[in-house]
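Trainee: Could you have a look at this structure, given as C-alpha cells, before my questions?
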Amino acid sequence: MGEFKVHRVRFFNYVPSGIRCVAYNNQSNRLAVSRTDGTVEIYNLSANYFQEKFFPGHESRATEALCWANGQRLFSAGLNGEIIEYDLQALNIKYAMDAFGGPIWSMAASPNGSQLLVGCEDGSVKLFQITPDKIQFERNFDRQKSRILSLSWHPAGTHIAAGSIDYISVFDVKSGSAIHKMLVDRQYMGVSKRKCIIWGVAFLSDGTVISVDSAGKVQFWDSATGTLVKNHLIANTDVQSIAISDQEDSFVVGTAEGTVFHFQLVSVTSNSSEKQWVRTKPFQHHTHDVRAVAHSPIALISGGTDTHLVIRPLMEKVEVKNYDAALRKITFPHRRLVSCAKKKQLLLFQFAHHLELWRLGSTVATGKNGDTLPLSKNADHLLHLKTKGPENVICSCISPCGSWIAYSTASRFFLYRLNYEHDNINLQRVSKMPAFLRSALQILFSEDSTKLFVASNQGSVHVIRLLEGSFKHLHTFQPQSGTVESMCLLAVSPDGNWLAASGTSAGVHVYNVKQLKLHCTVPAYNFPVTALAIAPNTNNLVIAHSDQQVFEYSIPDKQYTQWSRTIQKQGFHHLWLQRDTPITHISFHPKRPMHIFLHDAYMFCIIDKSLPLPNDKTLLYNPLPPTNESDIIRRRTAHAFKISKKYKPLLFMDLLDERTLVVVERPLDDIIAQLPPPIKKKKFGT
Amino acid sequence: MVEEESLRVVRCGGSELNFRRAVFSADSKYVFCVSGDFIKVYSTATEECVHILQGHRNLVTGIQLNPKNHLQLYSCSFDGTIKLWDYTDGILIKTFIVGCKLHALFTLACAEDSVFVIINKEKPDVFQLVSVKLPKSSSQEIEAKELSFVLDYINQSPKCIAFGNEGEYVAAVRDFYLSVYFFKKKTTSRFTLSSSRNKKHAKNNFTCVACHPKEDCIATGHRDGKIRLWRNFDDEKKYTYTCLHWHHDLVMDLAFSVTGSSLLSGGRESVLVEWREAAEKNKEFLPRLGATIEHISVSPAGDLFCTSHSDNKMIIIHRNLEASAVIQGLVKDRNIFTGLMIDPRTKALVLNGKPGHLQFYSLQSDKQLYNLDIIQQEYINDYGLIQIELTKAAFGCYGNWLATVEQRQEKETELELQMKLWTYNKKTQGFVLNTKVNMPHEDHITALCFCNAEKSENPTLVTTSKDGHFKVWILTDDSDIYKKAVGWTCDFVGSYHKYQATNCCFSEDGSLLAVSFEEIVTIWDSETWELKCTFCQRAGKIRHLCFGRLTCSKYLLGATENGILCCWNLLSCALEWSAKLNVRVMEPDPNSENIAAISQSSMGSDLFVFRPSEPRPLYIQKNISREEVQWGVFVPRDVPESFTSEAYQWLNRSQFYFLTKSQSLLTFSTQSPEEKLTPTSKQLLAEETLPTTPFYFILGKHRQQQQDDKLNEALKNELVQLPLTENIPAISELLHTPAHVLPSASFLCSMFVNSLLLSKETKSAEEIPDDVSMEEEKESIDSDEENNFTEEVQDTNNTDLGKDIIHQLSKSEEKELRKFRKVDYSWITAL
C-alpha cells in the first residue's frame, strides 16, 4: 500500500436542484422524484435505493405534479400546461400534451389506473382517459374560482377532493359536479392571514378528507356532511405535502420548517374498536421546505428545497434490523459528473446548463505523511462552456489527452476539439454530428483518445473514430434482439480492445472493439450495475452492483476470476454491505495490478487482492496504519480492504499517475450556503 | 398545671409539605399533604390548616383517598403501617400493620380491598410494587401480611408509577425504560429508549409518568425536558410515541386533567404548562410560581390543581390557571447563613428564605408570615451561577432596625459586599430600606450585633470582619433642606494587632463591647471606644462569644474551636472557669441567666443548659439529634410555663428551638402529641355544623374569650354579667334562619355588630349612669321622665341580652335627651 499525493479539489461548485415531487409506485417498489429543474429520477427501492434512471430536465418544464398510473406508466405535469408521459425503457419523453387549462398544479391517477385528473390554474379539473399508448381528454368538472392545488381520489373512485385557495371541493366523479365546498379557516394563531392555501388533500375510504394548508393546520373533514371533524395545528408555517399509506392507518405531512410529522391511527383503548388519529413522531431531517412526501409500506420518504431525499424507515414495520432499517439521505446523483484528463491534469465538471474545465494546481513542496502542502500554482479555471438551448446536459466527457470534450443533451450531441497554445485555449466545435448520437447516456473516450464510444438510449453503442478536427462513424453495436433497454455505463480496456457496456438492469455486454462484435455477456445479476472498469494488462472486468457486491470477471477467459469466486464464497464484510451509497467509480493502479481503487460518496477503498479477506470479526474500518508498530502485527491485522473516510462527500476520485490521486469533494455546508435562507425559527437559548 | 413527663425532642412544624403529591378531597374543599410524621388537612378556600392527622411513628410516605368511601383517607409510612382516617373528624379508624418500610401508596377503585405499596425487600436499591390485601376486621389494629408481587426493580418515587385505564395496567419508569404491566393478561411490556447510549441523547432518562384517565395513553417526563406520549403500548412492536418539548430542564411531574383533555407539566422553570389535547402548539402557561414545581395533583372534581414547590409551598390553582391560594411552610431549600433569629415585634422566627429573602415564620401557627426581599434583584435560576447570598442579619432596638449583609464572591479576589439597614415603618407595618453601605469592610463580615441596652438612646451597630477591623455604626441625622432623615454612619474602627475579628457581643447594659480577634477577646468601653482589657486563653479561635445576663452579667463566655468553653469574670478580669466542650451552638436565653450550648460528638449532638455563674450544668440532654445541629434560638413564651422540676425550669420562660443540618426544626416538649393540638382545631372537632370560614373563627374566638371572662367573673365575683354568644338572638337568628328569608345584610349588619360590641358596651353602660348622676347633681332642675329613664338604663344592665337591641336604642335616645337637656339648661341660664 503506497502513499499518495492527493489533489483535494473543492472547487466543483455543484448544487443539486430542489426536489419538487415524489411519487411512490407500490407495484415495482420504485420512487419517482422530480426536481425543480425538471429532472425526473427513478429510484429502485428494492436495489438499495439506487438511482437507476433519470430524465434530463428542461428549463421550461417545471414539474408541479408527478404520478404513476396503471402500473408502470409515469406522468408529470407542470406550469407550462403540459402533461408528459415518460418512456421508462428508452429514457425519453413519450409525448407531451397540452391540457388547455393554463399551468397545471396538481394531478392524480384514479385508483384503478384508467383515468387521470389534472387541476389547472383556471380552476378547472380535467379528466383524461388513459389509453394504452396515449391519454385522451374526457371532460371537465365544475369549474372553481381559483386554481386547484391538490387533488385526491376516493379509493373507490367515486368521488374526488380538490384543494383550492380557502376551500376544499368534493366532486362526484359520475356527474362532475361539486357536492360540497368546505371552507377553511384563514385564522392563523389568532391573526387572519391573507389566504389559506390547501397544499394537499387525501381522501380516505371512510369518506374522511384530510387537508394540509398554509396556516399550519392538518384538518379532518367529513365529506358526507362537509364538516370539520378535527383540527391539528402542527406548525407556524405552511404544511406543504401529505401522503397516506395504502392501509390508511398512517400518513405523513411535511412542513415549510423542514419538519416531517407522522400521524397514526391508534385505538383509544386496547379493548375498544374506537380509533383516533394521533400525531406521533416529528422528524427533522430537512433544513428547508419539505415540498413532497411519500409513504411506502415500510418508510416515510420526503424531499424538499434542501435537495436531500430522505428515506426514514418505520421501525415497527421493519422485520429485522438490517440495512433497510437505517435512515437514508440521498443528496448526490448516483452517476459521475466529473471526468478527468489524466495526462494534462484537467478536470471537467458537468453542471445542468454548462461545463467547466479546470487545470489542477501544482506544488513543489514536499512534506511528511498527512501534511497539507502549499500550492505553488493555483488551480486554473480554463473554460466555461455554456450549453445551447433549454435542455440540461445528460452526460459529458473529456478525453484522456485533454483535447476532446463531448457532451449530449436530449436532442443534440456536441463534440469539441481543444487546442492548447501556452495559456490560451482554442475551442473548436466539430460540426455535423449524426442525429442518432443525441440523447446519449454515457460518453467515453478510449485511452489513446482515438475512439469515442457513445451509449445511446436505444440500447445501442456507437463507436466513432476521432481524427484531427473531424470524425468517422465506425460501427454501432446493436442491442440484442427484443430488448430496447438503454445502455448507461461504459468501460473500455486501456489497450482499447475491449468495451464493456451495461444497461439499466442486469446484463453487462463485452464487445471486442477490434473485431467489432459481441464477445460475451456477463451472467445477469439481480441488482443494477453502479460502476464498471477493465483492468490494464489482465483485462479483468470489475463490476460493482448496487447491493455493494463487487465481481471480477476475466474477459479473455469469459469467467469470473478466482479472487472473485473466493470473495463470493466467503462473503463481504457485513459493514461493507451496510454502506448506503453505491460505488460510482472504479480505477486501477498502472503499476500494481493487485490493487483496485473504488469509491462511493463517503469513502474510498483500495482492495488489495493479495491480502487475506476480512471476516465479520475483523475490523473493517481500520485507522491509518500505525507507523511505529512492528511489521508482524501490521501484517496480522491487515486485510484486503483499505478504507479511507477522510474525504467526504466524495464525488470523484481517480489516479492521475502512480503517486498522485485527485479527489473531488463537495461539502454539504457549501451546498446549504447556496440555497435560499430557511425559515427563521426561534431557537431556545439563542 | 402541666403534668411533667420526660422532656422529648419534637419536630415542631416547618416540615416538608412538598414531599409527596397533595391529594384533594372528593369535593375539592380540602387538600391533604404529608408533612413529616403527620398528614395535614388544609382548606382549599382559606389556606388554613384544618386538621393534623397524627399517629404514624415515622415519615408518612403516601396518602390516597379511600376509593370506596371518599370521606376516608389511607396513608402509609416508613413505620410499616397503613392507616385509614376519617379526615372530617380527624379520627384514626384502622391501622393495618404490614411490617416493612412502605415507600408509596396507590389505591384503585376496581381493586377489591387491596392497595398497592412500594417496598424494598433485599437490597437497599431494589424496590418492588406489591399489592397488599387489607383484611376486613372490626378491630383497630389488623395485620396485613398478604402481599402479592406486581413489579420488580422500580424507582422508589411514586412519581414513577401510574395506574391507567381504571386499573387495567400499571406503568413504571426507571432510568431509560418504561415497563407496562397488564393485570388481565399478566404480561409486562418493556420499552427502552433506543438512543439511550448515544451521547446526544444521554439525558433522556425517565423522570415521571402519568396515565390518561380515559384513553390508553401514557405520558412520561424526561430529564432533557421532553414529554413523550406513548400509545399502542399493548403491542411491543407497534408502539408509538409523540414528543412534546417545552421544558428546558427536567420534567419534574406530570398530571392529566380529570377528563384527560389536557396534560399538566412542571419543572425547574417554575412554570405550570397545560398542554391541551396533547398538542404541541396548543399550550397554556402559568408562569412565575416562585420555585421548582415538584409535584402536580388534580382534584377529583376537576376544578382545582395543586402544585408543590421546592420552597415548601403548595399553590392551589383554578382550572382556568389562576392561582387561588398559597400554603407556604418554612422555606428550606437553601443553606441557612443567617441563623435563627426572633423578630421582637411579631415573635416570628426569622431566617433565610427564598433566594435573597428573609422569611418570617410564625412558630405558633406553623405558617410563613411573609418574605422580606433583601437583595431586591431578579433571581436567575441557572445551574452553576454564583448568586448573591444573604449571609448575616440582626435585629436591633426592639425590632425597629434590621441589619443585613449580602455577599457574592466569584473569584478569590473579587468580593462584593453590601450592608443594608432597614427601619420598621409603623404605617406600612414593614421594613423599609434606610441605609445601604457598599463594601463596609474589605473582607467577609463575620459577625454583627446591635447594642440592645435599654438606656442607650442612640442605636449602635458593630460589625466584625476578616480584614481585622471591627466597625461601629451609629444612627445620625441625615436631614437636608428637603426632608428630615436619619442614616447610619461609621463612628469608630477598631482593630487588634491585625488579627481577624471573628465575633462581637454587647453586654446587657450596653456599656461593654466584647470583640474576639481569633484567640483573643478584647473588651471595649462603648462610650469612649477604649480598649479596656483582653483575655487570651490560647485555646483556639473563638467561635462563640456571649455575655451573661441579669445576675450573671459580670461573666463573659467564649467557646473555642478546640473545644474549650471559657467563662471570664469581668470584675476580676480573670478566668472564672473553663470546661472541655466542643460547642457548636451557644445561645443565651433573653429572659433568664440560662445559656444553652449544643456540643457535637461523633455520637450525635448533646444539649447543656447552664448558668455562667457556675460550671455545673442545670440540665443535660444527650443525643438530641443524630446529625449536626447548626443553629439554635430561645423563643420567649407568651404565657410562662411553670415547671416545678428543677431540670425543666429553664424552659419556663422561653422555648428552645434548633435547626439541624438537614433543616428540620426541632424543639423540646413534655407534652404528649394529643395535648399539642391547637385550640382552634379542637374546637373544629367539636363543632361540625358550622362551616370553617373566617367568620367562624371570629365567632369562635369571641366565644372563647367570653367563656374565659365568665370564668374570671365567677372567680372574682364581679357584677358584670356577660351573655353567651349562643344566646344572643341576633346571632342565633342570623345563623339559624335560612338565607333566603333573611332580611338584607345592611339591615342585619348593625344588629350584628352591636351584638359583638357587648363587653365594651357594658362598661360604658356602667359609666353612663355615673355620668348621668353627676349631671344630675349639677343640674338644678330635674324632670321625672329623665329619672325614670336613668332607672330604666340601670335596669337594663342586669337584664338578659334578649333586650339588647332595646337597650342600644335607649342609649342613643339618652344621648339625644342629654343634648336637649344641655340646650335647655343654657336657655334657662340665659333667662
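The values are calculated or read from the model by the stated rules, or taken from the named source; none is laboratory data. Computed from a predicted structure; not experimentally measured. Don't worry about glycine lacking a Cβ; one is built from the backbone with ideal geometry, like all the others, and counts go over all protein chains shown. Only protein heavy atoms, including side chains, enter the accessible area calculation; ligands, DNA and RNA are left aside. Shrake-Rupley method; radii C 1.70, N 1.55, O 1.52, S 1.80 Å.
Trainee: When you scan region A:396-417, how many residues do you find that are touching a residue at least 60 places away in the same chain (Cβ under 8 Å) and either closer than 20 Å to A:Glu41 by Cα or in a strand (DSSP E or B) (or both)?
Mentor: 3
Trainee: Can you give me the number of residues within region A:252-293 that are within 14 Å of another protein chain (Cβ to nearest Cβ) and assigned to a loop (DSSP other than H, G, I, E, B)?
Mentor: The qualifying residues number 8.
For (1) more than 20 Å from B:Glu294 (Cβ to Cβ); (2) touching a residue at least 40 places away in the same chain (Cβ under 8 Å), each residue gets a yes or a no:
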site: B:Gln64; (1), (2): no, yes
site: B:Lys94; (1), (2): yes, yes
site: B:Glu112; (1), (2): yes, no
site: B:Val115; (1), (2): yes, yes
site: B:Glu122; (1), (2): yes, no
site: B:Val132; (1), (2): yes, yes
site: B:Lys136; (1), (2): yes, no
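Trainee: Here is a follow-up. If we scan region A:481-491, do we find a residue that is more than 28 Å from the chain's Cα centre (by Cα), crowded, with 19+ Cβ neighbours inside 10 Å and closer than 23 Å to A:Leu415 by Cβ?
Mentor: Within region A:481-491, not a single residue is more than 28 Å from the chain's Cα centre (by Cα), crowded, with 19+ Cβ neighbours inside 10 Å and closer than 23 Å to A:Leu415 by Cβ.
Trainee: Okay, next question. Quick one: would you say A:Ile168 is assigned to a strand (DSSP E or B) and within 36 Å of the chain's Cα centre (by Cα)?
Mentor: So A:Ile168 fits the description; yes.
Trainee: Looking only at region A:189-248, which residues are within 14 Å of chain B (Cβ to nearest Cβ), outside any strand (DSSP E or B) and under 21 Å from A:Pro111 (Cβ atoms)?
Mentor: Selection gives A:Ser245, A:Gln247.
Trainee: Any idea how many residues of region B:308-318 are out of contact with any Lys or Arg (no Cβ under 9 Å at 6 or more places or on another chain) and either in contact (Cβ under 8 Å) with a residue 60 or more places away in the chain or polar (S, T, N, Q) (or both)?
Mentor: The qualifying residues number 4.
Trainee: Would you confirm whether any residue within region A:491-504 is free of Cβ contacts under 8 Å to residues at least 12 places away in the same chain, assigned to a loop (DSSP other than H, G, I, E, B) and under 27 Å from A:Asp547 (Cβ atoms)? Lay out the reasoning, then the answer.
Mentor: Residues of region A:491-504 free of Cβ contacts under 8 Å to residues at least 12 places away in the same chain: none.
Looking for residues that are free of Cβ contacts under 8 Å to residues at least 12 places away in the same chain, assigned to a loop (DSSP other than H, G, I, E, B) and under 27 Å from A:Asp547 (Cβ atoms), one finds none in region A:491-504, hence no.
Trainee: Quick check, is B:Trp568 part of a strand (DSSP E or B) and over 21 Å from B:Gly339 (Cα atoms)? Working first, answer last.
Mentor: Numbers: part of a strand (DSSP E or B): yes; over 21 Å from B:Gly339 (Cα atoms): yes.
Yes, satisfied.
Trainee: Let me ask something else. I'd like to know if region A:79-89 contains one or more residues that are within 28 Å of the chain's Cα centre (by Cα), under 13 Å from A:Val40 (Cβ atoms) and open to solvent by 10 Å² or more (accessible area, probe 1.4 Å).
Mentor: Kept after step one, since they are within 28 Å of the chain's Cα centre (by Cα), are these residues of region A:79-89: A:79-89.
Subset that is under 13 Å from A:Val40 (Cβ atoms): A:84-88.
Going one step further and asking which of them are open to solvent by 10 Å² or more (accessible area, probe 1.4 Å), we end up with A:87-88.
Yes, that holds for at least one residue.
Trainee: I'm checking my understanding of the structure. Among residues of region A:300-319 that are within 14 Å of another protein chain (Cβ to nearest Cβ) and part of a loop (DSSP other than H, G, I, E, B), which one is surrounded by the fewest Cβ atoms within 10 Å (Cβ to Cβ)?
Mentor: Looking at the filtered set, the residue picked out is A:Glu319.
Trainee: Taking B:Arg276 and the conditions (1) surrounded by fewer than 20 Cβ atoms within 10 Å (Cβ to Cβ); (2) more than 14 Å from chain A (Cβ to nearest Cβ), which numbered condition does it fall short on, given that it satisfies the others?
Mentor: (2)
Trainee: Then there is this: Does A:Thr269 meet the test of being out of contact with any strand residue (DSSP E or B) (no Cβ under 8 Å at 6 or more places or on another chain), farther than 25 Å from B:Tyr239 by Cα and polar (S, T, N, Q)?
Mentor: Values: out of contact with any strand residue (DSSP E or B) (no Cβ under 8 Å at 6 or more places or on another chain): yes; farther than 25 Å from B:Tyr239 by Cα: no; polar (S, T, N, Q): yes.
Against the criterion (out of contact with any strand residue (DSSP E or B) (no Cβ under 8 Å at 6 or more places or on another chain), farther than 25 Å from B:Tyr239 by Cα and polar (S, T, N, Q)), A:Thr269 does not qualify.
Rundown of residues vs (1) surrounded by fewer than 22 Cβ atoms within 10 Å (Cβ to Cβ); (2) modelled with pLDDT of 90 or more, yes/no style:
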residue: B:His309; (1), (2): no, yes
residue: B:Gly329; (1), (2): no, no
residue: B:Asn352; (1), (2): no, no
residue: B:Gln376; (1), (2): yes, no
residue: B:Glu389; (1), (2): yes, no
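Trainee: Assess whether B:Phe337 counts as being touching a residue at least 24 places away in the same chain (Cβ under 8 Å) and either β-branched (Val, Ile, Thr) or surrounded by fewer than 21 Cβ atoms within 10 Å (Cβ to Cβ) (or both).
Mentor: Working: touching a residue at least 24 places away in the same chain (Cβ under 8 Å): yes; either β-branched (Val, Ile, Thr) or surrounded by fewer than 21 Cβ atoms within 10 Å (Cβ to Cβ) (or both): yes.
For B:Phe337, the condition - touching a residue at least 24 places away in the same chain (Cβ under 8 Å) and either β-branched (Val, Ile, Thr) or surrounded by fewer than 21 Cβ atoms within 10 Å (Cβ to Cβ) (or both) - is met.
For every residue, the table says whether it meets (1) outside the structural domain of A:Ser399 (by the TED database); (2) within 21 Å of the chain's Cα centre (by Cα); (3) of a type in the set (Asp, Glu).
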site	(1), (2), (3)
A:Ala440	no, yes, no
A:Val463	no, no, no
A:Phe471	no, no, no
A:Leu474	no, no, no
A:Lys514	yes, no, no
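Trainee: When you go through B:Asp216, B:Asp235, B:Asp249 one by one, which is the residue that is modelled with pLDDT under 85 and within 14 Å of chain A (Cβ to nearest Cβ)?
Mentor: B:Asp235
Trainee: Determine whether region B:185-196 contains at least one residue that is over 23 Å from A:Lys275 (Cβ atoms), within 11 Å of chain A (Cβ to nearest Cβ), assigned to a loop (DSSP other than H, G, I, E, B) and open to solvent by less than 20 Å² (accessible area, probe 1.4 Å).
Mentor: Scanning region B:185-196 turns up no residue that is over 23 Å from A:Lys275 (Cβ atoms), within 11 Å of chain A (Cβ to nearest Cβ), assigned to a loop (DSSP other than H, G, I, E, B) and open to solvent by less than 20 Å² (accessible area, probe 1.4 Å).
Trainee: Please work out if B:Ser270 is in contact with a Lys or Arg (Cβ under 9 Å, 6 or more places away or on another chain), on the phi > 0 side of the Ramachandran plot and more than 14 Å from chain A (Cβ to nearest Cβ).
Mentor: yes
Trainee: Filter region B:361-370 down to residues that are surrounded by fewer than 21 Cβ atoms within 10 Å (Cβ to Cβ) and assigned to a strand (DSSP E or B) and give me whichever is modelled with the lowest pLDDT.
Mentor: Restricting to residues being surrounded by fewer than 21 Cβ atoms within 10 Å (Cβ to Cβ) and assigned to a strand (DSSP E or B), the top hit is B:Lys367.
Trainee: For region A:527-553, enumerate the residues that are polar (S, T, N, Q) and either without any contact (Cβ under 8 Å) to a residue 24 or more places away in the chain or not in a loop (DSSP other than H, G, I, E, B) (or both).
Mentor: Across region A:527-553, the qualifying residues are A:Thr530, A:Asn540.
Trainee: Applying the selection to region A:372-382, what residues are of a type outside the set (A, V, I, L, M), open to solvent by less than 80 Å² (accessible area, probe 1.4 Å) and in a loop (DSSP other than H, G, I, E, B)?
Mentor: A:Ser376, the sole residue that qualifies.
Trainee: If A:Lys94 meets every condition in (1) under 18 Å from the mean Cα position of the chain (by Cα); (2) without any contact (Cβ under 8 Å) to a residue 60 or more places away in the chain apart from one, which number is that one?
Mentor: (1) is the only condition that A:Lys94 fails.
Trainee: Can you go through A:Val268, A:Val338 and tell me which one is free of Cβ contacts under 8 Å to residues at least 24 places away in the same chain and either open to solvent by less than 40 Å² (accessible area, probe 1.4 Å) or outside the structural domain of A:His384 (by the TED database) (or both)?
Mentor: The match here is A:Val268.
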